[in-house]
Every structure is written in C-alpha cells, then in structure tokens.
Amino acid sequence: MANPTHRHSRSRRDKRRANWKGQFPNLAECPECKELKPPHRACDHCGYYNGKKILEVVSKEL
C-alpha cells in the first residue's frame, strides 16, 4: 500500500477533525407525565409505555 510522502500540517489535520461533534440524544415527551424520555422506551418517571403501566417506579427518599 502507498504511504503519504509529505506530512500534513496541523491545520489540515484539525480541519478534518472539526466535524466530529457530540450530539444531543433524541428525546420524546411522555404522554402520561410530560417528562422527556428516549423514544420507544418505558418512561423512567412514571413507568408507562404505549398507554400501559410497564414498570413499577420506586421513588428514592432522602
């Protein structure tokens, strides 16, 4: 395989890496409690998914 014959500068390297950005996760509103949750997952706050109670949520007392 061929190898590069000339070294790339730092600015050229950094221009290539400039497009690697973090992304915010997609979030949907829970129809039961109106909290944000990942789509297609049971809600962590109320335990509902698709209009049915799936999880029993236990609140932590301090």
Exercise for the section: Please report how many Lys pairs in the chain have alpha carbons closer than 30 angstrom, counting only residues at least 8 apart along the chain or sitting on separate chains. Expected result: 9
Fill in the blank from the handout: Rounded to whole angstrom, the alpha-carbon centroid of region 12-40 lies from that of region 43-62 at a distance of 23
Problem - Whole-number percent relative contact order across the chain, with pairs defined as alpha carbons under 8 Å at least 6 apart - result: 16
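Taking the Cα centre of the chain as the origin, how large is its charge dipole in debye, to the nearest 20, when only Lys and Arg (+1) and Asp and Glu (-1) carry charge on their Cβ atoms?
900
Would you mind counting up the charge near PRO4? Only other residues with Cβ under 13 Å from its Cβ, with Lys and Arg at +1 and Asp and Glu at -1.
Value of the local net charge: +3.
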Practice task
Work out the charge dipole of the chain with +1 on the Cβ of Lys and Arg and -1 on the Cβ of Asp and Glu about the Cα centre, then indicate which of HIS8, VAL57, CYS30 is farthest towards its positive end.
Solution key: HIS8
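No lab work stands behind these numbers, since they all come straight from the coordinates. Values in this document were obtained by computation on a predicted structure and should not be read as measured data. Here the Cβ is made from the backbone with ideal geometry for all residues, glycine too, and neighbour counts use every protein chain on show.
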